[in-house]
Structures are given as structure tokens and as C-alpha cells.
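Remarks on the structure that follows.
Quick note: the coordinates plus some simple rules give every number you see, no bench work behind them. Small disclaimer: the values here were computed from a predicted structure and weren't measured. For neighbour counting, all protein chains shown are included, and Cβ atoms are generated from backbone atoms with ideal geometry for every residue, glycine included.
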Amino acid sequence: MKNYETVFILNPVLSDDQAKDTVEKFVKVLTKAKAEVINVEKWGLKRMAYPIQNKSTGFYNLIEFATTSSDLVNTLETEFRRDESVMRFLTTVLDKHAIVYNARRRKGEFNRNKKQTTTRKEDVAA
Amino acid sequence: MTLMNEPIKRAEIKPKYCRFKKNGIKYIDYKDPDFLLKFINEQGKILPRRLTGTSWKFQNKVAQAVKRARHIAILPYLADSLK
């Protein structure tokens, strides 16, 4: 069992509903492959440090999951490549320190970025 | 008058230390731009170990984190005046 974390940026042209649907689509890919989805975070529309595809903002999303299948990351990334609304993605393996760090992050122990905590509260309410 | 070397005030030279070892930080988050900003210069280049005092082990992790942050456009690849 390995834990992974993937961050991807969606096209800012999408409506909020479309962005939501796209995220759900990727979560479904994971659940279908019997991966355990630990955390889904929406950071919302964020300004990027440099333009990608001539766009200066993007919807940032984060999915944390655990799986035993070594092929799943490949299938997920193929899905990312197929979807034109995904501008950038990054999948990383989490080591033991990262898992501890992420667990603390989820609890909101690092409240440097207030935006993230508010979005998470909305998720809990919804 | 002959030229003399100025004596070095050794008390003023603070020994460098690795902040990760000292503070017990084990994981460097690539999603946190404010923290990573401490390890890059105005142009967005990664600062060398001899300036930050970071140990070899954590310098590699810092570099990895900065590169990841650049890929997802959290940090710029090149900049003019970051700070």
C-alpha cells in the first residue's frame, strides 16, 4: 500500500459546476480501481506564478489516495492527459514523513493559508 | 607602514546550522510557497547550501520541493523581483 498525492490545475474558463464534475470524474477513476481516497481539496481559483496556455489563473485541486496497484497512477495520468481542461498535473509518492505531515495539515494545524481552511469548512458543511 | 591583515573577530562569526535538523522538520511541503521563498533568491534561483546552512540531506529535499512547486506554477521558473 502506497500513498500518493496529486495536484492538478483546471482551465479557469470552466464554470464552477464543470470544474466540480471534472474533479469528481477523477475521483471516480480512483474509486473504481479500489483505491482509498483520503482527501480531496479544492483551493479554488488561484493566480499562477507564470502563464500556462496563455492563462494566468487556474482551479487548483488536490487528491490524496492510497492504493496497492502500481498501475493506477499511470491510468490516472492518462486520464489527465486525455482531458483538455487539465492544464497541469503532478503526482507524488508520499513517504512516511509526508503522510504524518498531511494528516496534520488536514486537521488544519498549519493555518498559514486561511483560504484553504475556509474551503475545507465549506466541504464539511456541504 | 606595512600592510597588515585585519584580525578576524571570531566571536562575530555565527556558526551556521541546518534549520531542519534544529527544528526537527522532516517533510518539506512543495505546496507552501511562503516557506520555500526562504530558499530562493530574487530571480527564483535555489540558494546554495553555503548561504542557507542547510545540510546536504535537506538541501536535496528543498531542491526537489522547489522544482515541484515550479512545475505546478506555485513558484516561477524565472522572475525579476520576487522579494
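How shielded is B:26-38 by partner chains, expressed as the average number of their Cβ atoms within 10 Å of its Cβ atoms?
4
Can you give the calculated 222 nm mean residue ellipticity of chain A, where each DSSP H run of n ≥ 4 adds -39,500 (n - 2.57) and the sum is split over every residue, rounded to the nearest 500 deg cm²/dmol?
The helix contribution divided over chain A gives -13000 deg cm²/dmol.
Using 5 Å bins from zero, what percent of all Cα-Cα pairs in the range A:9-93 falls into each bin?
3, 14, 27, 25, 18, 10, 4, 0
Using the 2.2 N^0.38 Å rule of thumb for compact globular proteins, work out how the protein assembly as shown stacks up: its C-alpha Rg over that value, please.
Working: Rg = 20.7 Å, N = 209, 2.2 N^0.38 = 16.8 Å.
Cα Rg divided by the expected 2.2 N^0.38 Å: 1.23.
How do B:81, A:85 line up, fewest other C-beta atoms within 10 Å first?
Ranking B:81, A:85 by Cβ neighbours within 10 Å, fewest first, gives B:81, A:85.
Using the Cα atoms of chain B, I'd like the radius of gyration and the largest Cα-Cα distance, Dmax, both in angstrom.
Here Rg and the maximum Cα pair distance are 16.8, 61 Å.
Which trypsin sites (Lys or Arg not before Pro) in the range A:1-106 sit in a loop by DSSP (not H, G, I, E or B) and have at most 13 other Cβ atoms within 10 Å of their own Cβ?
A:34
Considering only Cα-Cα distances, which of the following residue pairs are longer than 30 Å: A:28/B:21; B:22/B:45; A:20/B:61; A:34/B:31; A:46/B:16?
The answer is A:28/B:21; A:20/B:61; A:46/B:16.
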